[in-house]
1. Give me a count of the residues in the stretch 37-46 that are open to solvent by 50 Å² or more (accessible area, probe 1.4 Å) and at pLDDT 95 or above.
2. Quick check on this structure: which one of 23, 48 is among the charged types (D, E, K, R) and farther than 18 Å from residue 162 by Cβ?
3. Could you tell me how many of the residues in the stretch 133-160 are among the hydrophobic types (A, V, I, L, M, F, W, C), modelled with pLDDT under 90 and either more than 16 Å from the chain's Cα centre (by Cα) or open to solvent by less than 40 Å² (accessible area, probe 1.4 Å) (or both)?
4. Looking only at residues that are of a type in the set (Gly, Ala, Ser) and in a strand (DSSP E or B) in the stretch 47-93, which one is surrounded by the most Cβ atoms within 10 Å (Cβ to Cβ)?
5. Filter the stretch 113-132 for residues that are free of Cβ contacts under 8 Å to residues at least 40 places away in the same chain and charged (D, E, K, R); which is most open to solvent (accessible area, probe 1.4 Å)?
6. Among the residues of the stretch 95-131, what is the count of those that are in a strand (DSSP E or B), farther than 28 Å from residue 11 by Cβ and out of contact with any His (no Cβ under 9 Å at 6 or more places or on another chain)?
7. Cβ-Cβ below 7 Å, separation at least six or inter-chain, first residue in the stretch 32-57 and polar (S, T, N, Q), second part of a loop (DSSP other than H, G, I, E, B): which pairs?
8. Taking the conditions exactly as written (outside any loop (DSSP other than H, G, I, E, B) and farther than 19 Å from residue 81 by Cβ), does residue 14 satisfy them or not?
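The values are calculated or read from the model by the stated rules, or taken from the named source; none is laboratory data. Remember, predicted model here, so these are calculated numbers, not experimental data. Please note: Cβ atoms are built from the backbone with ideal geometry, for glycine as well, and neighbour counts cover all protein chains shown. SASA here: full protein model, heavy atoms, side chains in, ligands and nucleic acids out. Shrake-Rupley method; radii C 1.70, N 1.55, O 1.52, S 1.80 Å.
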Amino acid sequence: MRIEVRADNTVRIEGYVNVVERESRPVITPRGKVIERVESGVFRKALESGTDIPMTIDHNRERVITRTGDGSLTLKEDAIGLKAETVTSDAEVVKAAREKLIKGWSFGMKNVIDSLEEREGKLPLRHIRGITLDHVTLVIHQNPCYSATSVEVRAEGEEEIEERSMPGEITMQVEAEKKKPDYTKLEERLKKLKGE
């Protein structure tokens with residue numbers, strides 16, 4: 001994750017929310033404890049649905065910071081995985097970035113299409129073949145757990161939302177604030193030259 005704090009009091013954040021075709025650490029899922037691998041193309045297909053995907057703080061759907069629907073959040077799958085880019089002036093995010101409190105990305109998925117591969121002497125390998133991408137989130141106040149499953153009650157009824165986080169390195173760049181030149185001494189000299 002790369003975080004750039006700008007002089008105009010905005011923050012630009014970019015990085016990979018999840019990497020495809022790579023085995024995860026052990027995770028607890030509705031299928032039990034497994035190793036997961038998100039197949040290439042899963043995020044691309046999810047994004048092609050045209051669903052407006054929000055970026056939240058700590059999976060709190062009441063703290064939507066940016067979203068794909070208005071162009072303030074860009075999500076795309078490339079050869080590495082699901083890449084996110086956003087610029088925000090949200091005061092909490094700016095403060096957390098300045099204080100180096102942003103811990104990483106996470107995302108929520110539902111309607112998971114998968115298959116389970118049993119392996120002798122190892123945890124089963126869960127192949128993620130399709131999802132509905134529910135949201136992406138910045139982890140600030142919570143400790144990023146790699147996996148969690150929660151049941152949310154929404155207007156449509158209960159939905160099982162699986163949450164995943166992407167551990168990784170965070171790099172910070174803080175743009176220096178532009179200071180206006182101080183002309184006080186120059187003005188004093190001009191006054192002396194004029195005899196004022």
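1. So in the stretch 37-46, the residues open to solvent by 50 Å² or more (accessible area, probe 1.4 Å) come out as 37, 40, 44-45.
Checking which are at pLDDT 95 or above leaves us with 40, 44-45.
Within the stretch 37-46, residues that are open to solvent by 50 Å² or more (accessible area, probe 1.4 Å) and at pLDDT 95 or above number 3.
2. Working: 23 fails: farther than 18 Å from residue 162 by Cβ.
The conditions single out 48.
3. So the first thing to find is which residues in the stretch 133-160 are among the hydrophobic types (A, V, I, L, M, F, W, C), and the list is 133, 136, 138-140, 145, 148, 151, 153, 155.
Next cut, modelled with pLDDT under 90 only: 139-140, 145, 148, 151, 153, 155.
Of the ones still in play, those that are also either more than 16 Å from the chain's Cα centre (by Cα) or open to solvent by less than 40 Å² (accessible area, probe 1.4 Å) (or both) are 139-140, 148, 151, 153, 155.
Adding up the residues that qualify gives 6.
4. Residues of the stretch 47-93 that are of a type in the set (Gly, Ala, Ser), as a first pass: 49-50, 69, 71-72, 79, 81, 84, 89, 91.
Imposing the further condition that a residue be in a strand (DSSP E or B) reduces the set to 81, 84.
Details: 81: 20, 84: 24.
Looking at residues that are of a type in the set (Gly, Ala, Ser) and in a strand (DSSP E or B), I get 84.
5. Of the stretch 113-132, the ones free of Cβ contacts under 8 Å to residues at least 40 places away in the same chain are 113, 115, 117-121.
Those still in the list that are charged (D, E, K, R) too: 117-120.
Working: 117: 77, 118: 139, 119: 49, 120: 186 Å².
Looking at the filtered set, the residue picked out is 120.
6. 10
7. 40/20; 40/21
8. Here the answer is no, as residue 14 does not meet what is asked.
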